[in-house]
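What follows is one structure encoded as structure tokens, with my remarks underneath.
Each value in this text was obtained by applying a stated rule to the coordinates, not by laboratory testing. On a predicted model such as this, the values are computed, not experimentally measured, just so you know. Here the Cβ positions follow ideal geometry from the backbone for every residue, glycine too, while neighbour counts run over all protein chains shown.
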Amino acid sequence: MRIFKKYFPALIAKYVRTFFRGRLYIHGRGGYEFENGKVVMPPEADQVHRATVQELNHKIAEITKKAA
């Protein structure tokens, strides 16, 4: 489990893409799980979680597109 003290979407997306599966925590935003290189939407997600998951998955897609 990795703890991020600040929300930097590009850094977090790079971490998720590198480790592919696991958990992370972002101060002020909460805990998240990721699998298959994508952040998974929590079952009881509020607006902040939804927006964060969408933004992180978008960043991951951008990084993947650049690498290809």
Relative contact order for segment 2-67: what is it in percent, counting Cα pairs under 8 Å that are at least 6 residues apart?
-> 32
Residue exposure sequence - H49, H27 - by fewest surrounding Cβ within 10 Å = H27, H49
Which loop-located GluC sites (Glu not before Pro) does segment 7-62 contain, where loop means any DSSP state but H, G, I, E or B and the Cβ has at most 11 other Cβ atoms within 10 Å?
-> E44
Within the chain, percent of DSSP bridges classed antiparallel, to nearest 5 = 75
How would you rank M1, M41, going from fewest to most other Cβ atoms within 10 Å of each one's own Cβ?
-> M1, M41
Here, chymotrypsin sites (Phe, Trp or Tyr not before Pro) of the chain satisfying both criteria (DSSP loop; at most 12 other Cβ within 10 Å) are F20
For a label point 7 Å along the Cα-to-beta-carbon line of R29, residues of segment 35-68 with backbone N under 14 Å = 38-42, 46-61
Take T18, project a point 7 Å from its Cα along the Cβ direction, then tell me which residues of segment 44-62 have their backbone nitrogen under 16 Å from it.
-> 60
Estimated distance in nm for a label pair at V40 and L11, the labels positioned 7 Å out from Cα along Cα-to-Cβ | 2.6
